[in-house]
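Chemist: If you scroll down you'll find the structure; I have some questions about it.
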Amino acid sequence: MTTSTQTLLLLPGDGIGPEVTEEARRVAAHVAPDLQIESAFFGGVSYDRFGTPLTEEVMNSARKADAILMGAVGGPQWDSVPRDKRPEAALLAMRKNLDVYANLRPAFCFPALAGASALKRELVEGLDIMIVRELTSGVYFGQPKTIETLPNGERRGVDTQSYTTGEIRRVAARAFELARGRSRTSKFAGVLSCEKSNVMESGLLWREEVTKLHAEKYGDVKLDHMLADAAAMHLVKAPKDINVLLADNLFGDILSDEASMLTGSIGMLPSAALGDPGTPGLYEPVHGSAPDIAGKNIANPIAAILSLEMAMRWSLGRADIADRIFAAVGKALDGGARTTDLGGAMSTRQMADAILKHL
Ligand code: NAD
Ligand code: IPM
Ligand code: MN
C-alpha cells in the first residue's frame, strides 16, 4: 500500500510521443486512479512555445515527481536548430540532471510475436534479455565536443569518450544485482559486459573495473566479457544465450535498437532510467518520434504502456499493477491484437483498447 499521493509526470513530446503516451495515460488512470498525473511540454513542442526544449519549470517538476514518463522527442523540423536547443538536448539534459545512470532496456519476446521477429522463430522463442545501458556519461557527454575549423580551412568534428571508475562501477553494480534476480542456465547466464577494450582506453578501463567489482562483491554471478562488435553479431546469431547485457552509453544505444527487432518491432521496447534509490526514474519507449507515421494514429503504443509498467515496478512500488499490465499486453497479443508494425491493421487506440480489455 502507498500512503501519500504519488505523482507521474507525463512528457508526451513530439511526433508519435503524444499519441502513445495518451494510451499509457489511459491505462494508468484505469489501473491506478489515485495516481496524480501531470503533463508538460518537452522537446520540440517546448522549443516552439518557449524557445527552449526544457524549461526550468519542467525540470523542477521532474525532480519532484515520483516517476516521469516521456514519449519521444525530435523531428526534421528541428534539425537545423542549434544543438543545445534541439529536442534531443532536452532528453540528454533531463537524464544528466536526474543522474539516471542505469538504463534498463528489456528485450522480451512475447510468445505471440515469435513469428513477427526479423529472426527465425526458434531463435527468439522465450527470448528475455535485459540490456543495462550506461546513460549519463561516455561519448554523449565527454568534453571536448565540438566542430572546429582547422588552419587549412578543413573542419574537424570532435566527440570525447570518457568514463571514470565510479561511473563504470555504479552501472555495473546494477547489472550484477539484476542478474542475481534472473537465474539462467544459458551460455552467458549472468552479466555479459560489452566494450571495445581491444582499441579503446575507456573500454579497457571498463573491462578492468567490471572484473574488479565482480571479484569484490558479485562472485556468485557469472561474468563474461565480449567485444561490442561481436556482441552485435551474437545478438542475431544466438540471442537466447544472453541474460543481462551491460554496455556503455553508445554501444547500449545501438545494441538495444538491434535487440528490439528480435521482439517483433521497435514499438515493443520500453525502458527505465534509474539513479540511486529514492530518486525519480525516467521511463521512455526506446523508439523515437517516428515522423514518418506521426499523426496517423497507427503507432504501436505497447512500448509506452510497458514503460508505464516499468514505472509501476521500479519507481512507484506497485509491482502487482505492473504484473497486471504486463499480463494484459501478453493476452491482447495472444488474442491477435496487432498494429501495422507487427503486421496487423489496428490503430494506436484499438491496440490500447485491446490491452485495457484485460485490465
Ligand atoms: P524512430 O524510432 O523514431 O523510427 C524508426 C522507425 O521505426 C520508423 O520507421 C518508425 O516509423 C518506426 N517506429 C518507431 N516507433 C514506432 C512505434 N511505436 N510504432 C510503429 N513504428 C514505430 O527513429 P528515427 O527515425 O531514427 O528518429 C526520428 C526522430 O526521433 C529523430 O529526431 C531522433 O533524434 C528522435 N529519437 C528520439 C528518441 C527519444 O525520444 N527517446 C529515441 C530515438 C530517436
Ligand atoms: C534513445 C535515443 C536517444 C539516445 C537520442 C534521441 C538522444 O536514441 O533514447 O535511444 O541516443 O540516447
Ligand atoms: Mn536510441
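Chemist: Given charges of +1 on the Cβ of Lys and Arg and -1 on the Cβ of Asp and Glu, with all other atoms neutral, how large is the dipole of the chain about its Cα centre, in debye to the nearest 20?
Modeler: Roughly 520 debye for the chain.
Chemist: Let me ask something else. Can you tell me which of 97-107, 140-150 comes out highest on packing, and rank the rest after it, using the mean Cβ neighbours within 10 Å?
Modeler: 97-107, 140-150
Chemist: Given a Förster distance of 25 Å, report the FRET efficiency between residue 182 and residue 96 from their Cβ-Cβ distance, rounded to the nearest 0.05.
Modeler: Working from the Cβ atoms, E equals 0.30.
Chemist: Sort 167, 201 by heavy-atom solvent-accessible area, probe 1.4 angstrom, most to least.
Modeler: 201, 167
Chemist: Let me ask something additional. Just want to confirm a number: the relative contact order over the chain, from Cα pairs under 8 angstrom separated by 6+ residues, in percent.
Modeler: Relative contact order comes out at 22 percent.
Chemist: Less than 15 Å Cβ to Cβ from residue 124, Lys/Arg counted +1 and Asp/Glu -1: what total charge do the surrounding residues give?
Modeler: Net charge in that neighbourhood comes out at -1.
Chemist: Calculate, in nm to one decimal, what residue 30 and residue 279 gain on full extension: separation in residues at 0.36 nm each, minus their alpha carbon distance.
Modeler: Working it through step by step, the gained length comes to 87.1 nm.
Chemist: Determine, for each peptide in 61-67, 243-249, the mean count of other beta carbons within 10 angstrom over its residues, then list the peptides with the highest first.
Modeler: Highest to lowest by the protection proxy: 243-249, 61-67.
Chemist: Starting from the Cα of residue 149, move 7 Å in the Cα-to-Cβ direction to define the label point; list residues of the range 68-102 whose amide nitrogen is under 19 Å from there.
Modeler: Answer for this model: 82-83.
Chemist: Hey, another quick one. Which one, 348, 80, 117, projects farthest toward the positive side of the charge dipole computed for the chain from Cβ point charges (K/R +1, D/E -1)?
Modeler: Farthest towards the positive pole: 117.
Chemist: Working out 0.36 nm times the residue gap between residue 200 and residue 327, then minus their Cα-Cα distance, what length gain in nm do you get to one decimal?
Modeler: Stretched fully, the residue 200-residue 327 segment lengthens by 41.5 nm.
Chemist: Please sort 304-317, 345-358, 117-130 by packing, taking for each peptide the average over its residues of neighbouring beta carbons within 10 angstrom, highest first.
Modeler: My ranking of the peptides, most packed first, is 304-317, 345-358, 117-130.
Chemist: Sequence gap at least 6, Cα distance under 8 Å: using those rules, report the relative contact order of the range 1-44 to the nearest whole percent.
Modeler: Computed value for the range 1-44: 58 percent relative contact order.
Chemist: Net charge around residue 75, counting only other residues with Cβ within less than 13 Å of its Cβ (Lys, Arg = +1; Asp, Glu = -1)?
Modeler: -4
Chemist: Taking the Cα centre of the range 172-305 as origin, work out the dipole magnitude from +1 charges on Lys and Arg Cβ and -1 charges on Asp and Glu Cβ, in debye rounded to 20.
Modeler: Result for the range 172-305 is approximately 520 debye, rounded to the nearest 20.
Chemist: Under the rule of -39500 (n - 2.57) per DSSP H run of 4 or more residues, summed and divided by the residues of the chain, what mean residue ellipticity at 222 nm is obtained, to the nearest 500 deg cm²/dmol?
Modeler: So the calculated ellipticity at 222 nm is -12000 deg cm²/dmol.
Chemist: Multiply the residue separation of residue 359 and residue 215 by 0.36 nm, subtract the distance between their alpha-carbon atoms, and state the gained length in nm to one decimal.
Modeler: Stretched fully, the residue 359-residue 215 segment lengthens by 47.4 nm.
The values are calculated or read from the model by the stated rules, or taken from the named source; none is laboratory data. Just so it is clear, the structure is predicted and the values come from calculations on it, not from any experiment. Note: ideal-geometry Cβ built from the backbone for every residue, glycine included; neighbour counts use all protein chains shown. All accessible areas refer to the heavy atoms of the entire protein, side chains included, with ligands and DNA or RNA removed. Shrake-Rupley method; radii C 1.70, N 1.55, O 1.52, S 1.80 Å.
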